[in-house]
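The structure under discussion appears below in the form of structure tokens.
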Amino acid sequence: MKNSIFKPVLLSIVATVLMSVNANAQAKIAVVDMKRAFEQYYKTKEAETQIKAQGAEADKVYKGMLEDYKKANQEYKTLLDGSNDQAVSVEERDKRKNAAEKKLLDLQEIEKSVKQYESSARTNIGAMEKRMRDKIVDQIREVVNRMSKNGNYTLVLDVAAVTAYQTPIILFTDGQNDLTEAVLKELNATAPAGAASIEPAKK
């Protein structure tokens with residue numbers, strides 16, 4: 001999952017909240033590594049497997065269509081060459097010419113279908129990936145929100161977030177109140193037996 005690009009207004013909000021923290025000794029801040037939570041969640045592994053399978057199937061169909069195109073293209077060239085064969089009668093050349101023109105129309109239709117399929121497959125797989133990613137992120141956020149409320153945290157920051165310039169938004173954290181381990185533990189508690197291996201949680 002790509003790190004989110006935060007707008008300047010977000011930095012202003014964070015700064016405002018941090019100023020409020022200084023004025024309120026009871027305020028509590030926690031952090032979560034959303035990138036790590038996403039990558040080590042077992043459902044992410046399952047989603048990646050489904051997306052790869054869908055991509056492999058689409059690639060198989062696409063290659064088959066390309067083979068049909070190559071075959072039709074070769075047939076067209078053969079008919080076209082035959083229509084110029086001076087060794088046969090004019091009538092036969094005209095017959096071959098008409099066949100070549102018909103084959104050319106078929107070839108153009110196949111080419112059109114190949115391009116449409118490629119575009120459609122790419123769009124569908126991209127949409128599938130986005131749906132799965134959004135669903136997984138929502139599930140992670142549900143766990144984070146629940147833990148935050150139970151722990152009376154006033155703010156939870158994503159330590160993996162970066163700015164539009166790909167620089168870290170959170171420059172330093174002492175590691176206290178890091179909910180990442182607990183979030184991952186809860187997320188993966190329902191992982192079925194035989195689920196894709198999950199990278200051990202970092203200490």
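Just so you know, all these numbers are worked out from the coordinates, no wet-lab data involved. Just so we're clear, the structure is a prediction, and the values are computed from it rather than from any experiment. With ideal geometry, Cβ positions are generated from the backbone for all residues, glycine too; neighbour counts draw on all protein chains shown.
For a quick protection proxy, order the peptides 136-143, 57-64 by their average other-Cβ count within 10 Å, most packed first.
136-143, 57-64
From the backbone phi of the stretch 123-133, what are the Karplus-calculated ³J(HN,Hα) couplings (6.51 cos²θ - 1.76 cosθ + 1.60, θ = phi - 60°) in whole Hz, Gly and Pro given as x?
Running phi through 6.51 cos²θ - 1.76 cosθ + 1.60 with θ = phi - 60° gives 5, 5, 5, x, 5, 4, 4, 5, 4, 5, 4 Hz.
Apply the Karplus curve 6.51 cos²θ - 1.76 cosθ + 1.60, θ = phi - 60°, to the phi angles in the stretch 177-186 and return the couplings in whole Hz, x for Gly and Pro.
6, 8, 8, 4, 4, 5, 5, 4, 4, 6
Quantify how much of the Cα-Cα distance distribution of the stretch 29-121 extends past 17 Å, in percent.
Tail of P(r) above 17 Å: 67 percent of Cα pairs.
Of all alpha-carbon pairs in the stretch 5-190, indicate the percentage at a distance above 23 angstrom.
Everything past 23 Å amounts to 64 percent.
Limiting things to C-alpha atoms, what are the Rg and the maximum Cα-Cα separation (Dmax) for the stretch 88-203, in angstroms?
When restricted to the Cα atoms of the stretch 88-203, Rg and Dmax are 28.6, 93 Å.
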